[in-house]
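*Asks:* I have a structure I would like to understand better, so I am pasting it below and will then ask my questions one at a time.
The values are calculated or read from the model by the stated rules, or taken from the named source; none is laboratory data. What you see is a predicted model; the values in this text were computed from it and never measured. Quick reminder, even Gly has a Cβ in these numbers, built from the backbone with ideal geometry, and neighbours come from all protein chains shown. Heads up: the accessible areas ignore ligands, DNA and RNA and are worked out on the full protein's heavy atoms, side chains in. Shrake-Rupley method; radii C 1.70, N 1.55, O 1.52, S 1.80 Å.
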Amino acid sequence: MRLGFSAEEEAFRAECAAWLEGQMAGEFADIRGITNLVDKAERRREWEQQLARHGWSCIGWPKAWGGRDATLTEQVIFAEEYARAGAPNRINHIGVELAGPTILAFGTEEQKQRFLPGIAAGTSIWCQGYSEPGAGSDLAAVRTKARLDDGEWIVDGQKIWTSLAQFSDWIFVVARSEPGTKGPKGLTFLMMELDQPGIEIRPIRQINGEAEFNETFFTEARCPADSLIGAPGEGWKIAMGLLAFERGVSTLAQQMQFRNELDAIIAAARANGAAADPLIRQRIAEAEIGLRLMRYGALRMLSGGEGGATGGAALTYKIQWSTWRRSLGELAMDVLGQAGELAAGEDYVFPMLPNLFLYARADTIYGGTNQIQRNIIAERGLGLPREPRGDI
């Protein structure tokens, strides 16, 4: 197990840090420190394209498709320095971290040539069409339908919690293409343009005043017959492959953002005197310990211990960080006191720490609830018997 970085990796870190600091102190200073996913969307589109022009858009991809062939460790280093520099959340996170790797792994050569350049260049933004109303965390309970008709897939149904759909150009959709099937059988994975008749996007206003999520309605929406990844009926296999990407590198480097949030809480506690409260100091210390444990756990996975980033230890990470961050949000509000309940202006926009508290309520739900994660740990990590799943 290796809990550190080599000289070459530290040199790479210095290169990342210097470039990012130059951008955030210069041309893109106006979007530095944005922690939500909706502010200044057009400027963040420009930021995606700036990253691409300088080779930082998708560093883990092969060079042939616009990447740098970066190692897993280099990807995490870049993500850490990205957060340390205060660079904004990526508006094309789903394109770069989920759609692109899925197309690279399962797509045809023609599909790679069609889709990857736009994602790498930051000119095509993607969102994810997985969740549906009434399905809860059961991803396989898909009711959206797709049928082939005269050389086109025709899609009818509804998706929900579609992050950033209002800013996206493309969506990948899991739809039921074989009537009468249930659960993971009979699903197909389709890539669809959003700007077309038959697709309607309705933003959902959240408790923190933002509208990151959307309802997405499909009424005889269309895409060409060759827009599927894999074969008809293989959608579940593709969807599970994509989720492996979601639970891999894209979450391993969150700790630098968490570091920024904890530092902001400590600064607030010092400024308003809350740090004099021994119970607050104890909770800050516990948060610090939890963050360091997460970092050592990530380094252990990166070093290849216990199966590496896809092994049993990695299965515990989602429930670990989401529960820790929910507690961090509660600590933030206790440090701020009544001041944390005030939103500035008519737009009902909260500052960073109250927004952390409100948003972190969702951390233990999206991407697989804690209950789902416990099932994954039990069944895939520990090899326990599968939970009964009705007649699927």
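*Asks:* Is it true that Pro203 is farther than 23 Å from Ala52 by Cβ and surrounded by fewer than 23 Cβ atoms within 10 Å (Cβ to Cβ)?
*Replies:* yes
*Asks:* Okay, next question. Could you give every pair whose Cβ atoms fall below 6 Å, whose first residue belongs to the stretch 115-135 and is closer than 16 Å to Leu104 by Cα, and whose second residue is open to solvent by less than 10 Å² (accessible area, probe 1.4 Å) and hydrophobic (A, V, I, L, M, F, W, C), counting only separations of at least 6 or pairs across chains?
*Replies:* Note: pairs meeting the criteria are Phe115/Ile103; Ala120/Cys58; Trp126/Ala99.
*Asks:* How many of the residues in the stretch 56-71 are closer than 11 Å to Pro117 by Cα and not in a loop (DSSP other than H, G, I, E, B)?
*Replies:* 2
*Asks:* Report the residue count in the stretch 138-176 for those that are hydrophobic (A, V, I, L, M, F, W, C) and open to solvent by 30 Å² or more (accessible area, probe 1.4 Å).
*Replies:* We begin by selecting, within the stretch 138-176, every residue hydrophobic (A, V, I, L, M, F, W, C); these are 139-142, 146, 148, 153-155, 160-161, 164-165, 167, 170-175.
If we keep only those that are open to solvent by 30 Å² or more (accessible area, probe 1.4 Å) as well, we get 139, 141, 148, 161, 167, 170.
Selection size over the stretch 138-176: 6.
*Asks:* Of all residues in the stretch 120-137, which are among the β-branched types (Val, Ile, Thr) and either buried (at least 20 other Cβ atoms within 10 Å of the Cβ) or on the phi > 0 side of the Ramachandran plot (or both)?
*Replies:* Matches in the stretch 120-137: Ile125 only.
*Asks:* Test Gln50 against the stated conditions and say whether it is surrounded by fewer than 19 Cβ atoms within 10 Å (Cβ to Cβ), modelled with pLDDT of 95 or more and either assigned to a helix (DSSP H, G or I) or out of contact with any Gly (no Cβ under 9 Å at 6 or more places or on another chain) (or both). Show your work before the answer.
*Replies:* Numbers: surrounded by fewer than 19 Cβ atoms within 10 Å (Cβ to Cβ): yes; modelled with pLDDT of 95 or more: yes; either assigned to a helix (DSSP H, G or I) or out of contact with any Gly (no Cβ under 9 Å at 6 or more places or on another chain) (or both): yes.
Answer is yes for this residue.
*Asks:* Test Gly183 against the stated conditions and say whether it is at positive phi, in contact with a strand residue (DSSP E or B) (Cβ under 6 Å, 6 or more places away or on another chain), outside any strand (DSSP E or B) and touching a residue at least 24 places away in the same chain (Cβ under 8 Å).
*Replies:* Considered against the rule, which asks whether it is at positive phi, in contact with a strand residue (DSSP E or B) (Cβ under 6 Å, 6 or more places away or on another chain), outside any strand (DSSP E or B) and touching a residue at least 24 places away in the same chain (Cβ under 8 Å), Gly183 comes out as no.
*Asks:* Being open to solvent by 10 Å² or more (accessible area, probe 1.4 Å), among the basic types (Lys, Arg) and more than 30 Å from Ala231 (Cα to Cα), is that true of even one residue in the stretch 99-119?
*Replies:* Scanning the stretch 99-119 turns up no residue that is open to solvent by 10 Å² or more (accessible area, probe 1.4 Å), among the basic types (Lys, Arg) and more than 30 Å from Ala231 (Cα to Cα).
*Asks:* Kindly indicate the residue of the stretch 156-171 that is in contact with a Leu (Cβ under 7 Å, 6 or more places away or on another chain) and part of a strand (DSSP E or B) and also nearest to Asp138 (Cα to Cα) among those meeting that condition.
*Replies:* Ile171
*Asks:* Which residue out of Ile284, Ile289, Ile392 is modelled with pLDDT of 85 or more, farther than 24 Å from Ser163 by Cα, among the aliphatic types (A, V, I, L, M) and open to solvent by 70 Å² or more (accessible area, probe 1.4 Å)?
*Replies:* Of the residues listed, the single one that is modelled with pLDDT of 85 or more, farther than 24 Å from Ser163 by Cα, among the aliphatic types (A, V, I, L, M) and open to solvent by 70 Å² or more (accessible area, probe 1.4 Å) is Ile289.
*Asks:* Could I ask something else about it? Taking the stretch 1-37 on its own, how many of its residues are in a loop (DSSP other than H, G, I, E, B), open to solvent by 30 Å² or more (accessible area, probe 1.4 Å) and within 12 Å of Pro88 (Cβ to Cβ)?
*Replies:* The number of residues fulfilling the criteria is 4.
*Asks:* For Cys58, indicate whether it is closer than 22 Å to Asn260 by Cα and either open to solvent by less than 10 Å² (accessible area, probe 1.4 Å) or at pLDDT 90 or above (or both).
*Replies:* In short, no.
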